[in-house]
Amino acid sequence: MRRLNTVILMMLAMATSAMAGYREGYYNRMDGKQREALKAAAKACVSNHTQLEYYSLPNYWQYSDVYPELVDGCKRWWDMYSDAVYLIQPRQSGTQSFSANRMQREHSVPKSWWKYQGSVEYTPAYSDMWNLYPSDGAANQAKQNYPFGETRTTIYDNGVTKVGAPKAGFGGGSSLVFEPDDRYKGDFARAIFYMATVYDDLHWVYDYMFVSNSYPTLVPWAVNMLLQWSRQDPVDQKEIDRNDYVEQYQGNRNPFVDFPELAEYIWGLRTTETFIIADQENTGQTPPITGDPEITAPVNGEALDFGQIAVGHATARALQITGHNMTSPLSLRVSGTDKAYFIPEVTSIPAATMNSNGGYLLNITYLPQATGSHEAKITLYDGGIDGSIAVTLKGESLDVPQLTVLHALEPTDVTESGYTAQWETAQGIADYYTVTRVRYVEGNQESDSYETGETSYRFTDRQPGVAESYSVTYSRLGMESPASNSIYVAASGVNDLREESPYRVYGVEGGFVVSRADGEGGTLRVYDLGGMTVMEENEVEDGSFHPLEAGVYVVTIGGGRPVKLVVK
């Protein structure tokens, strides 16, 4: 019967070897989730699986955990705990080879760490292929049930497995730790991520790395180490192939292999981002952290001044934040008596954004609801940095100003290539003036705006045969005045017939422009030479453009006398 089971397994492996990757819809529950909800969704996707028999695992491993190359015509066990050469001889089953080579079934997360009513076999974790791997016997005995970590000194080192005293910050209080080879640190990290996701409800009797809760399940030092290991040792073909084999036999996959960035979304640098499955193929691998987290700008105690603004109105300033090697999102908090008046666009900046871009340009809005001088502080913290950085925010709010309408004047220094737009000085204080220039080109209006602190603006890029107009506004405390009257600048060679009062009509290419002067307006009517009405408008806006086909027309507005107009 054992021989028959081995043959069946071999046939199954051959029949399904073409299978690769997760099937459509398998991870749908994870789509659009973040952080805790994403972890719970990942568990729902993969936790339901077939519980395999512990002692039969080598019969599955002979397909999932062997090198792709043969040695003397034999399969070689892929042992992540040693470089010893262990072969599967012809006609040997996996369990027979294990016995002959004195290999062992090793739990990456030790089974002694969980126990319920004296049993460690009560949970599928006991024989879950994502938690067990073939191991050299001596390395397994040296590893024992120590937590993962990075060693400072060693008491065992076979070139792949190290056991020894932990570096500062590693081990969770254990006097010894197990450190795998750099080639396999990512493999083990993704196995532990799986365990922390699928078995977050286990009764943990050792709390070196795990706690019994749905999130985060892993303790902080373990999270930081495992994320760094996963970055340093990305998913390789060995894990991809094993993922397919495990699904064939056990019926589930490791999502942290299918989505190398998933751990970053749950525990790491991307916890503030939403996990979108369709985007994952284009997501680059998060690089390893290569130094201590630091913020190089702004400097602690720096100030950001928003200047003056009218009460109830808003102005914005940008704070450049520069940093590197963030290990978690950078948090922002505004404090102080006037904190409600200073509003940052975000309260958290993803570590991936800080690390990949070298920083972040934070927009802060000052929106005062009372007059007076206001001050608050924005504090940057978390991200792995030591301490915090505070920046003072300052602004002054004044009463709402009464803005009047400016009066635009006729241009001066008019030449074929330019002219100087003119206008009267604003009543009161003007922070700056805005000139709106309109060009009438082939029946279309092209508009541009220019800011200046003067009461004139020189244009030096007139186009031959193109008519223009301009109007002016001014700004004070974040508010803008109504637009002035429009001043028309005729193009040379274009028919320009006008009635001085109460309006002016200017022929431009593809139509005409109406400019209101002093006095009342009225209904605009345009007639062809046969007396037929071709256009009628009840209200005529100052500076408005009216398209017409080329020809000769008569224009009247209100009670004004008729004007002959030639449109080219």
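The values are calculated or read from the model by the stated rules, or taken from the named source; none is laboratory data. Keep in mind it's a predicted model, so treat the numbers as computed, not measured. Here Cβ is always computed from backbone atoms with ideal geometry, including for glycine, and neighbour counts include all displayed protein chains. Please note that ligands, DNA and RNA were not included when accessible areas were found on the heavy atoms of the full protein model with its side chains. Shrake-Rupley method; radii C 1.70, N 1.55, O 1.52, S 1.80 Å.
Structure data summary
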read-out	value
Rounded to the nearest 10 Å², the accessible area of T412 at probe 1.4 Å	50 Å²
Acute angle (nearest 10 degrees) that the helix 185-198 long axis makes with the longest principal axis of the chain, alpha-carbon atoms	80 degrees
Three-way shape call for the stretch 92-230 based on the alpha-carbon gyration tensor, with the a/c threshold at 1.5	oblate
With DNA, RNA and ligands ignored, accessible area of H203 (1.4 Å probe; Å², nearest 10)	100 Å²
Rounded tilt (10° steps) of 220-232 against the dominant C-alpha axis of the chain	80 degrees
GluC sites (Glu not before Pro) restricted to DSSP loop in the stretch 226-317 with at most 12 other C-beta within 10 Å	E302
Accessible surface ranking that places the most exposed of I155, I343 first, with a 1.4 angstrom probe	I155, I343
Solvent exposure ordering (accessible area, 1.4 Å, most first) of I276, I389	I276, I389
Largest-first ordering by accessible area, 1.4 Å probe, given options F210, F170	F170, F210
In Hz, Karplus ³J(HN,Hα) per residue of the stretch 449-466 (6.51, -1.76, 1.60; θ = phi - 60°; x = Gly, Pro)	10, 9, 9, 7, x, 9, 9, 7, 8, 8, 9, 10, 10, 5, 9, x, x, 10
Inter-part distance where the stretch 470-485 and the stretch 376-436 are each reduced to a Cα centre, Å	11 Å
When the chain is reduced to its Cα atoms, the Kirkwood hydrodynamic radius in Å	30.4 Å
Per-residue HN-Hα couplings for the stretch 235-252 [Karplus 6.51, -1.76, 1.60; θ = phi - 60°; Hz; x = Gly/Pro]	4, 10, 5, 4, 5, 4, 5, 5, 4, 5, 5, 4, 5, 4, 8, 9, x, 9
Summed side-chain charge close to L398 - residues other than L398 whose Cβ falls under 14 Å, Lys, Arg +1, Asp, Glu -1	-2
Net charge, E468 excluded, C-beta distance under 10 Å - Lys, Arg +1, Asp, Glu -1	+2
The chain, helix-only ellipticity at 222 nm - DSSP H runs n ≥ 4, -39,500 (n - 2.57), divided by all residues, nearest 500	-5500 deg cm²/dmol
Whole-percent carbon and sulfur share, accessible surface of the chain, 1.4 Å	47 percent
Rounded accessible area of R525 (nearest 10 Å², 1.4 Å probe)	80 Å²
